[in-house]
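The values are calculated or read from the model by the stated rules, or taken from the named source; none is laboratory data. Every value quoted in this text rests on a predicted model; they were computed, and no experiment measured them. Here the Cβ positions follow ideal geometry from the backbone for every residue, glycine too, while neighbour counts run over all protein chains shown. What goes into the accessible areas is simple: the full protein's heavy atoms, side chains included, and nothing from ligands, DNA or RNA. Shrake-Rupley method; radii C 1.70, N 1.55, O 1.52, S 1.80 Å.
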Amino acid sequence: MERYYFDHNATTPVSPEVLEAMLPAMTEVYGNASSIHHFGQAARQKLDHARRQVALLLGATPEEIVITSGGTEADNLALFGMARHGHAITTTIEHPAVLVASGQLGSVTKVPVDSRGIVDPDSIRRALRSDTKIISVMHANNELGVIQPLEEIAKIAAEAGVAMHSDGVQATGKMAVDVKRLGVDLYSLSGHKFYAPKGVGALYVRKGTKLAPVMYGGHHERDRRAGTENVAGAVGLGRAAQWIIENGPKEWAHEGALRDRLEKSVLDRIPDSHVNGAGAPRVPNTSSMRFDGIDSDALLIALDLKGFAVSSGSACSSGATEPSHVLLAIGLTNEQSRSSVRFSVGRSNTAHQVDLLTDALVECVAHLRKLAPAYA
Ligand code: PLP
């Protein structure tokens with residue numbers, strides 16, 4: 001059976017050019033980047049090159065890039081490094097890497113979003129306190145793809161003298177990102193969301209930002225992140241960044257066309273289907289749709305049996321499926337959240353695959369609705 005992957009927001013495959021760049025960094029150039037002999041210096045050169053590539057993608061300088069083990073670590077480093085005992089302001093739709101981590105700080109205010117999934121900068125301003133140390137607002141949401149008005153929020157942070165962090169894990173590689181134009185002090189990204197391997201990411205830390213480390217040890221990453229550098233991972237991250245610098249706009253046009261094709265044909269062909277977060281600016285590859293009367297887990301399984309990988313609007317926590325906190329935050333009921341599915345297209349998807357997915361959806365939704373007593 002042919003299988004089709006429509007879950008690129010969960011993770012992406014490692015691209016051929018990324019793998020090609022990484023292989024020598026694991027075999028020939030295997031030195032410890034802190035060693036002063038030839039082997040170490042060769043690894044250091046590769047690491048420095050990768051850091052320059054990541055910096056270039058974000059409009060930052062190489063010294064402002066801390067290589068981490070991924071998005072979760074970058075988010076935790078930003079929050080704990082800036083506000084361990086202070087007050088943080090964030091939103092109700094963050095990824096758990098920010099939402100749960102911020103709950104471990106001194107105190108946190110979670111600002112709500114509107115029905116499109118957008119946070120009102122004024123509500124961030126109103127949440128400011130004298131002990132606020134950080135504002136953390138994600139750039140693009142992983143479930144809805146909705147993009148936040150970061151520039152406006154960063155201005156509020158700057159006026160208040162508070163650090164501004166953004167979780168850019170779902171934005172990086174899917175839209176142009178310029179940290180200087182955004183005005184953020186800290187920005188997280190993760191390699192495996194844009195065709196680098198899992199387990200590598202980065203935190204942009206604006207020059208002059210006083211960030212305390214979370215892990216203590218050697219003097220790696222300018223004392224901001226101890227631990228022998230993952231040179232091969234960083235090389236992969238850098239190569240993936242370089243690819244986006246060279247091909248980003250073409251890729252985004254391709255993905256946007258596929259996403260729009262999917263939404264249009266689904267809305268045309270499936271009655272009582274809706275786009276969550278419609279009307280908001282979104283990254284081009286993401287679509288959250290809901291189908292009245294459908295259980296998203298049942299739909300996910302039915303699609304998987306036909307060869308299509310998508311993601312449901314619920315999260316598994318302690319053995320029970322909970323409706324997504326993001327979908328509840330935009331005002332959907334439990335039932336509406338549970339009838340939502342996320343499609344995230346990627347580099348290798350084609351219009352033909354989208355059409356096959358639409359056909360499968362039409363069939364599966366009709367079949368499941370016949371079994372749903374509540375759906376009249
Ligand atoms: N933040 C967002 C918005 C994400 O979507 C993810 C991953 O799904 C993360 C953070 C965590 O990144 P990582 O998987 O690299 O730890």
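Computed values, structure above
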| quantity | calculated |
| --- | --- |
| Nonlocal Lys pairs with alpha-carbon distance under 25 Å, the chain (8 or more apart, or different chains) | 29 |
| Degrees, to the nearest 10: 231-269 long Cα axis against longest axis of the chain | 20 degrees |
| FRET efficiency, Lys198 to Val100 (Cβ-Cβ, R0 22 Å, nearest 0.05) | 0.65 |
| Residue-span extension gain [Glu2 to Leu356] - 0.36 nm each, minus C-alpha spacing | 126.3 nm |
| Fully extended contour minus Cα-Cα distance, from Asp48 to Asp304, at 0.36 nm per residue | 88.0 nm |
| Shape category assigned to the stretch 31-136 from the gyration tensor of Cα positions, a/c cut at 1.5 | prolate |
| Arg44 accessible area, assembled protein chains, probe 1.4 Å, Å² | 60 Å² |
| Alpha-carbon gyration tensor eigenvalues x 5, square-rooted, for the chain, Å | 36, 26, 17 |
| Share of carbon and sulfur in the accessible heavy-atom surface of the stretch 194-283 [1.4 Å probe, %] | 55 percent |
| Between 0 and 90°, nearest 10: helix 351-371 axis offset from the chain longest Cα axis | 50 degrees |
| Principal axis dimensions, the stretch 260-304 - Cα atoms, whole angstrom, descending | 29, 19, 16 |
| Label zone at Arg181 (point 7 Å along Cα-to-Cβ), backbone N below 11 Å, the stretch 45-83 | 59 |
| Accessible surface of the stretch 101-180 [probe 1.4 Å, protein heavy atoms]: carbon and sulfur percent | 48 percent |
| Largest-first ordering by accessible area, 1.4 Å probe, given options Thr172, Thr92 | Thr92, Thr172 |
| Average accessible area per residue (Å²) across the stretch 16-244 - probe 1.4 Å, nucleic acids and ligands excluded | 40 Å² |
